[in-house]
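None of the figures in this text is laboratory data; all of them are computed from the coordinates on show. Since the structure is predicted, the reported quantities are computational estimates derived from the model, not experimental observations. Neighbour counts are summed over all protein chains in view; Cβ atoms, including those assigned to glycine, are modelled from backbone coordinates with ideal geometry.
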Amino acid sequence: MDAANSCWAWQPETPARLEQQVWLLRLEGPDARRFLHGQSSQAIELAAPGSALATCLISPTARMRALAWVLVDGAGAWLVIEAGGPEAVRTGLDRVLFPADQVQLGPLQPALLITPLGDTTLPQAGPGRWEPLPGVSQGDGPGPWLLEHRLLLAPATTAHPLAGSRLLGPAEHERWRIQQGWPAAPGELNDNTNPFELGLAPRVSLSKGCYDGQETLAKLATYDGVKQQLRRWCWQPPSGLAEQAVGVEQPLGVEQPLGAGQTLFNDAGERAGTITSALQLPPAAGGLWIGLALVRRSALDEPRLNAGEQTVLELSLPDAFVAPPRGPGQSAGQSQS
């Protein structure tokens, strides 16, 4: 089987579940939605109670700070920080919260976001919705709540509808993340990336009005200005290199294992991208390496890029990647990146 097909044909044995630690931040008060509307990339101010909105927390220059969900209720909203630094997020929000704002910022609370894989009897809240888990009393801790098709609950909760499914271990979880193309900190979520580069266009509203980073994102969309995009890659090591582990120091002249920060080149020797995540699969998978990379616009149509003389990576589009928008500012002769 082709190396790339071997990489991306994998499916975990089901029924299974992914467990991800997230952080909850409560914003209480009549201005909570308006405040979050101005500090994130999604249209939140007019969202009705029960709405669940996936968003990005970004800098004034549209650089990534965190991925989050906003869960709206009648008294305010919960911010579910799923990737990025929770303390930095809270500090950043507190810094721009003025006395006139009718918002009370609560403490950070840990929680678990559980994603079922395969057949499940877990009810669903529906697209863009959240609600308490039916038939379960709501305790002092967060949840249990349904977030679309997932479950959100306090980490100490052991009895829940998905407890009997198989829990993916760290290596399987990372393999699934890379295969889907979900960005994580610090490799993909950092001060050098924006939402469109990471395939997060559905988390961005271009018509909602003023917010941090809006001008930059609007220009990127209008003038097709995204300079790089996230891609996944796969590499089959030559015989004798398949068992090398990340971080093992090799003699001069022997290629190092792949890792974040490594530069990619096209066949002409020009810089074409940078690896952001890397994972060596178990021996049963033939020693394959997989990962994510930010690929320059000029190389997006390349099926392969080089990370070394014997290291040719096969590129493909991650399952979850959504292409950046292309607005009226693009000239007719430009091709889609």
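Under the simplified labelling scheme, the ASP73-LEU279 pair shows an inter-label distance of 3.4 nm, with each label point 7 Å from Cα along Cα→Cβ.
How high is the FRET efficiency between GLU87 and TYR223 when r is their beta carbon distance and R₀ equals 56 Å, given to the nearest 0.05?
Approximately 0.95, to the nearest 0.05.
Using a cutoff of 8 angstrom between alpha carbon atoms and counting only pairs six or more residues apart, the relative contact order for the range 16-167 works out to 28 percent.
How much length, in nm to one decimal, is gained on full extension between GLN124 and GLN104, taken as 0.36 nm per residue of separation minus their Cα-Cα distance? Intermediate results must be reported in sequence, preceding the final value.
Values: separation 20, 0.36 × 20 = 7.20 nm, distance 3.01 nm.
Going from the current span to full extension adds 4.2 nm.
For PHE265 and LEU97, the FRET efficiency from 1/(1 + (r/R0)^6), where r spans their Cβ atoms and R0 equals 41 Å, is about 0.35.
Using the beta-carbon distance between VAL312 and GLU13 and R0 = 30 Å, what value does 1/(1 + (r/R0)^6) give for FRET efficiency, to the nearest 0.05? So, using R0 = 30 Å, E works out to roughly 0.45. Distance between the modelled labels on VAL322 and ARG166, one decimal in nanometres: 3.1 nm (7 Å Cα→Cβ projection). The ranking of THR222, THR216, THR121 from fewest to most other beta carbons within 10 Å of each one's beta carbon is THR121, THR222, THR216. Between the entries (1) 6, 28, 37, 23, 5, 0; (2) 6, 27, 34, 22, 9, 2, 0; (3) 5, 23, 30, 25, 14, 3, 0, the label attached to P(r) over Cα pairs in 10 Å bins from 0, in percent calculated for this structure is (3).
Counting only DSSP beta bridges with both residues in the chain, the antiparallel share comes to about 95 percent. For the chain, the list of Cys residues with no other Cys C-beta under 4.7 Å reads CYS56, CYS210.
For LEU46 and ALA159, the difference between the fully extended length at 0.36 nm per residue and the C-alpha to C-alpha distance is 37.1 nm.
Ranking VAL80, VAL89 by Cβ neighbours within 10 Å, fewest first, what do you get?
The order, fewest Cβ neighbours first, is VAL89, VAL80.
Stretch VAL136-CYS210 to full length: gain in nm at 0.36 nm per residue minus the Cα-Cα span?
Values: separation 74, 0.36 × 74 = 26.64 nm, distance 3.98 nm.
The span from VAL136 to CYS210 would gain 22.7 nm if fully extended.
Among TRP235, TRP176, a tally of other beta-carbon atoms within 10 Å of each Cβ gives an order, fewest to most, of TRP176, TRP235.
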